[in-house]
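Down below is the structure, laid out as structure tokens.
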């Protein structure tokens, strides 16, 4: 008999050789019908893998990320079989699951496939899926594996196998198809009810441009056709909300080849948007006791060697700047924290003067690979809403919770209400990835978990996701399309204070080491604005949007009254402009709609005589003819309903 421990801590006894599916059946028939993957003692296994020792078992369904991973990896096998049957003689390489769906890298030889081929591939894949073929894992010797793929002339699989240890090689079979595979499959192909080939792209074998260029076939699959239909509708909506498209249409930002890849240029409307976000956070930070500082865009290489950033991120930084002075090197600033440590070091502190909270909208630079650049979400120069708090160990709990409050205020005021807190801790199996003592790491991790509990946050713990210098709490936010993004981070750091020899004089008149909290509610201004654009579809909260209203005179003779309306709005701090072009009101309204201006104020003879405005909301709602005072109250009320108090 063996003892199987489930995630809720309960332990059940089973006969040796029992399978995860048997464990599921012992819980309920409903669970057994839905289980598609499992993890036993931290290793992904099949639902029919015999269990022969005591251990911890997790059962996964389609609703779990690991379940989806097994589902999509299995689907890549189905599509690979379809490709082999449709295009005999192709060479398969690898086919992993990815965040949404899967891909398979294929050497098609002289043939090419395009969008017109997708329906035939999907049809063939679904035919295979409907056969309800079991996925079966089997061990093979290295010699046997090499023999199979050498016979097929598949040099890619041969290369993979040559780097594997004999005794660790497994094949997965289903129907007439066999593939080199480590495992992690659903029970059978019949669970896959819908498959869509999304696109094809070029991909070098093993990511090396010196190797053969393969064709990467991207796809996605679902257990119900309805879910595929919903996903494709979401993809179409996502295209409309793409921040690169909206940023261009709303004239917020641009890029220039002459300036350089990944270096955004902010246009007047975008600069105004950034400025409002900065002022919003500065106001809240001032209330919370932060002091603004400014640091240079470069620093001596030695600064980042001391902090440990150069050892960890040197390859991702721009190359050192060599000055005329021998052996003098500077780096474009990749992080703000080393600079803030040196600000703290500028004078001695007593425990009575702590905490010190230094904040800066500091621009940093990292040399992202050109293939990884993506609009504002992956750039080479970006501005962080950075702050570093230096406090005593006794103050850590309260300071961390205060930062959580600030982060929740920021997210709430910008409409990000659906989120999970992710506590990222170190992976004890890879200690070489981190700096500092185990004792300090344990204290830092405990502080974050306790603060998350006390603030009542819904949180998960992710091993191995910590920063190299300390654990962190990230806010994982769902946008309007249900996509998850990391927005805002808080990190506890015992290590940089040691590296920079930061101290304060305690009540015992001895020198002590402060604890450092890193925090950035926005993360980076560039990425935050990109995600905000996609979340809102460009319909920003009223308090933030560059132009809250536009005055549309019916004709030239009403322009004087339009100017009077504009002056009144500006006196009440409502951001507005006049469209006095010689165009029809209908055309002006259409263009205002495209520019996502929240309110269109139409003024003609009737409005001038009654001292009113005819108000139309973005989207078409007609609010009728109202006084300027009533409109001002309406705008103020709407702003107050979205801009939370802090």
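The values are calculated or read from the model by the stated rules, or taken from the named source; none is laboratory data. In this text, all values refer to a predicted model and were calculated from it rather than measured experimentally. Cβ: placed from backbone, ideal geometry, glycine included. Neighbour counts: every protein chain shown.
Brief remarks on what is shown
- Some residue of segment 269-286 being surrounded by 13 or more Cβ atoms within 10 Å (Cβ to Cβ), in the same structural domain as residue 520 (by TED's automatic domain parsing) and over 30 Å from residue 247 (Cα atoms): no
- Residue check for residue 462: without any contact (Cβ under 8 Å) to a residue 12 or more places away in the chain and not in a helix (DSSP H, G or I): no
- Among residues of segment 386-401, those that are surrounded by fewer than 24 Cβ atoms within 10 Å (Cβ to Cβ) and under 24 Å from the mean Cα position of the chain (by Cα), counted: 1
- Among all residues of segment 12-25, there is none that is under 23 Å from residue 127 (Cα atoms) and either surrounded by 14 or more Cβ atoms within 10 Å (Cβ to Cβ) or modelled with pLDDT of 95 or more (or both).
- Scan of segment 595-604 for residues that are surrounded by fewer than 19 Cβ atoms within 10 Å (Cβ to Cβ) and touching a helix residue (DSSP H, G or I) at 6+ places or on another chain (Cβ under 7 Å), ordered by number: 604
- Apart from one condition, residue 215 fits all of (1) over 18 Å from residue 75 (Cβ atoms); (2) touching a residue at least 40 places away in the same chain (Cβ under 8 Å); the exception is (1).
- Residue pairs meeting the criteria (Cβ under 7 Å; at least 6 apart or on separate chains; first closer than 12 Å to residue 572 by Cβ, in segment 620-640; second part of a strand (DSSP E or B)): 628/613; 631/613; 631/615
- Residues that are in a helix (DSSP H, G or I) and surrounded by 12 or more Cβ atoms within 10 Å (Cβ to Cβ) within segment 287-305 comprise 301, 302, 303, 304, 305, listed in sequence order.
- All positions within segment 306-328 that are in a helix (DSSP H, G or I) and under 17 Å from residue 369 (Cα atoms): 312, 313, 314, 315, 316
- Total residues in segment 109-127 satisfying the condition of being farther than 14 Å from residue 217 by Cα, out of contact with any strand residue (DSSP E or B) (no Cβ under 7 Å at 6 or more places or on another chain) and modelled with pLDDT of 95 or more: the figure is 3.
- Just so you know, in segment 113-142 the residues that are surrounded by fewer than 12 Cβ atoms within 10 Å (Cβ to Cβ) and within 33 Å of the chain's Cα centre (by Cα) include one that is farthest from residue 215 (Cα to Cα), and it is 119.
- Segment 435-449, residues that are more than 17 Å from residue 408 (Cβ to Cβ) and part of a helix (DSSP H, G or I): 438, 439, 440, 441, 442, 443, 444, 445, 446, 447, 449
- If the condition is being surrounded by 12 or more Cβ atoms within 10 Å (Cβ to Cβ) and more than 30 Å from residue 65 (Cβ to Cβ), then segment 98-110 contributes 107, 108.
- Checking each residue of segment 399-413 against the condition of being farther than 30 Å from residue 642 by Cβ and in contact (Cβ under 8 Å) with a residue 12 or more places away in the chain gives no match.
- Selection from segment 2-35 of residues that are within 17 Å of residue 50 (Cβ to Cβ) and part of a helix (DSSP H, G or I): 20, 21, 22, 23, 24, 25, 26, 32
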